[in-house]
Amino acid sequence: MYIVYGKTKCPFCTNAVILLQSRGISFTYYSMDEKQGELLDLATQYNHKTVPIVLKIENSNSIFIGGFDALREELSPT
């Protein structure tokens, strides 16, 4: 299970959603278009200044993945 915080007009956010959908991986997408304060808090918390901010939920723990490139790397076959 993944969480994606993104913006509507962000191509990297769209690509992250498409990647997860294409792999059949469950995720929740949160649009941050109208939530600048919350987005700033997330950016500060994870020291990640761009969207998307992708988290992996594993055993009730949130694991910071990064942006689209990090997600693609995470999901690439080894």
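Condition test on residue 28, is it of a type in the set (S, T, N, Q), in a loop (DSSP other than H, G, I, E, B) and out of contact with any Leu (no Cβ under 6 Å at 6 or more places or on another chain)? No; evaluated as a whole, the condition is false for this residue. Working only within the stretch 45-58, note down all residues that are touching a strand residue (DSSP E or B) at 6+ places or on another chain (Cβ under 8 Å) and either closer than 16 Å to residue 28 by Cβ or open to solvent by 80 Å² or more (accessible area, probe 1.4 Å) (or both). 51, 52, 53, 54, 55, 56, 57 - these are the residues of the stretch 45-58 that are touching a strand residue (DSSP E or B) at 6+ places or on another chain (Cβ under 8 Å) and either closer than 16 Å to residue 28 by Cβ or open to solvent by 80 Å² or more (accessible area, probe 1.4 Å) (or both). Residues that are modelled with pLDDT of 95 or more and open to solvent by less than 80 Å² (accessible area, probe 1.4 Å) within the stretch 59-74 comprise 63, 64, 65, 66, 67, 68, 70, 71, listed in sequence order.
The condition of being in contact (Cβ under 8 Å) with a residue 60 or more places away in the chain, surrounded by 14 or more Cβ atoms within 10 Å (Cβ to Cβ), in contact with a Lys or Arg (Cβ under 9 Å, 6 or more places away or on another chain) and not small (Gly, Ala, Ser) does not hold for residue 3. Looking only at the stretch 6-19, how many residues end up being open to solvent by less than 80 Å² (accessible area, probe 1.4 Å) and either touching a residue at least 12 places away in the same chain (Cβ under 8 Å) or within 17 Å of residue 76 (Cβ to Cβ) (or both)? Number of matching residues: 8. Every test in (1) part of a loop (DSSP other than H, G, I, E, B); (2) closer than 14 Å to residue 4 by Cβ; (3) among the charged types (D, E, K, R) is passed by residue 69 save one, and that test is (1). Taken over the stretch 43-54, the criterion of being out of contact with any helix residue (DSSP H, G or I) (no Cβ under 8 Å at 6 or more places or on another chain) and either outside any loop (DSSP other than H, G, I, E, B) or hydroxyl-bearing (Ser, Thr, Tyr) (or both) is satisfied by 43, 44, 45, 46.
The values are calculated or read from the model by the stated rules, or taken from the named source; none is laboratory data. Not measured: the values here are computed from a predicted model. Note: ideal-geometry Cβ built from the backbone for every residue, glycine included; neighbour counts use all protein chains shown. We work out accessible area using only protein heavy atoms, side chains counted, and drop any ligands, DNA or RNA first. Shrake-Rupley method; radii C 1.70, N 1.55, O 1.52, S 1.80 Å.
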